[in-house]
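S.K.: Got a structure for you, written out below as structure tokens; questions coming shortly.
The values are calculated or read from the model by the stated rules, or taken from the named source; none is laboratory data. No experiment lies behind these values; they were computed from the predicted model shown. A quick note on method: Cβ atoms are made from the backbone with ideal geometry, for glycine too, and the neighbour counts reach across all protein chains shown.
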Amino acid sequence: MKLSSFSDICLKSLIYLKQNNRIITINEISEYYSIPRNHLVKALNLLVKLKWISSIRGRNGGLTYNETSDSLRIGDIILILEAKPELLNCEECRLQGNCFLRFILKESLGAFYKNLNKYTLADLVRNSPN
């Protein structure tokens, strides 16, 4: 499974905010990761809406990481960001009822998310096991 660029931007933003533990501007994240500002704003707006990060308005404003987000499970985060519970759309397939592929992919995706859920958002900023 390949993550969307939207999910990638969201995860990178969460990690950056967590690592820096201060008020961060949109421009700072955009420049650090070389992400177009308009794509970043869309991702950050969702993260604020989900209350995973906070925004502070005004001249000295910016974004901060919400410590309550530390307990969020990676699989759950990706499932929310990707908004695709299945890998395959079988709605208009002529093989409906005669194919086991949908079940296999659904089972495999479940195992994928289960494995990701072994880790939390806080785990993403710990030292790498390598």
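S.K.: Of all residues in segment 42-83, which are surrounded by 14 or more Cβ atoms within 10 Å (Cβ to Cβ), under 25 Å from ASN115 (Cα atoms) and among the small types (Gly, Ala, Ser)?
M.R.: Those that are surrounded by 14 or more Cβ atoms within 10 Å (Cβ to Cβ), under 25 Å from ASN115 (Cα atoms) and among the small types (Gly, Ala, Ser): ALA43, SER69, GLY75.
S.K.: Give all pairs with beta carbons closer than 7 Å in which a residue from segment 47-66 that is more than 13 Å from ILE24 (Cα to Cα) meets a residue that is outside any strand (DSSP E or B) and among the polar types (S, T, N, Q); count only pairs at least 6 apart in sequence or on separate chains.
M.R.: So the pair list comes out as LEU47/SER13; LYS51/ASN66; TRP52/ASN66; TRP52/SER69.
S.K.: Considering only residues that are out of contact with any Cys (no Cβ under 8 Å at 6 or more places or on another chain) and in contact (Cβ under 8 Å) with a residue 12 or more places away in the chain, which ones fall in segment 86-100?
M.R.: If the condition is that a residue be out of contact with any Cys (no Cβ under 8 Å at 6 or more places or on another chain) and in contact (Cβ under 8 Å) with a residue 12 or more places away in the chain, then GLU86, LEU87, LEU88 are the ones that fit.
S.K.: How do the helices (runs of 4 or more DSSP H) wholly within segment 1-55 filter down when requiring 2 or more residues that are among the β-branched types (Val, Ile, Thr) and under 22 Å from ARG73 (Cα atoms): which remain?
M.R.: 5-20
S.K.: Cβ-Cβ below 7 Å, separation at least six or inter-chain, first residue in segment 105-130 and outside any helix (DSSP H, G or I), second at pLDDT 90 or above and not β-branched (Val, Ile, Thr): which pairs?
M.R.: Qualifying pairs under 7 Å: ASN117/ARG73; ASN117/GLY75; ASN117/ASP76; THR120/ASP70; THR120/SER71; THR120/LEU72; THR120/ARG73.
S.K.: May I pose another question? Residue under question is SER69, and the condition is that it be part of a helix (DSSP H, G or I), hydroxyl-bearing (Ser, Thr, Tyr) and under 20 Å from ASN20 (Cβ atoms); does it hold?
M.R.: yes
S.K.: Also, I was wondering about something else. Can you tell me which residue among ARG94, ARG102 is out of contact with any strand residue (DSSP E or B) (no Cβ under 8 Å at 6 or more places or on another chain), at pLDDT below 85 and part of a helix (DSSP H, G or I)?
M.R.: Answer to the selection: ARG102.
S.K.: Then there is this: So how many residues does segment 6-23 have that are among the aliphatic types (A, V, I, L, M) and free of Cβ contacts under 8 Å to residues at least 40 places away in the same chain?
M.R.: Counting residues in segment 6-23 that are among the aliphatic types (A, V, I, L, M) and free of Cβ contacts under 8 Å to residues at least 40 places away in the same chain gives 1.
S.K.: I'm trying to understand the selection: among the residues of segment 2-58, which are at positive phi and either modelled with pLDDT under 95 or hydrophobic (A, V, I, L, M, F, W, C) (or both)?
M.R.: From segment 2-58, those at positive phi are 21, 34, 51, 58; that's our starting set.
Once the filter is applied, which keeps residues that are at positive phi and either modelled with pLDDT under 95 or hydrophobic (A, V, I, L, M, F, W, C) (or both), segment 2-58 yields ASN21, GLY58.
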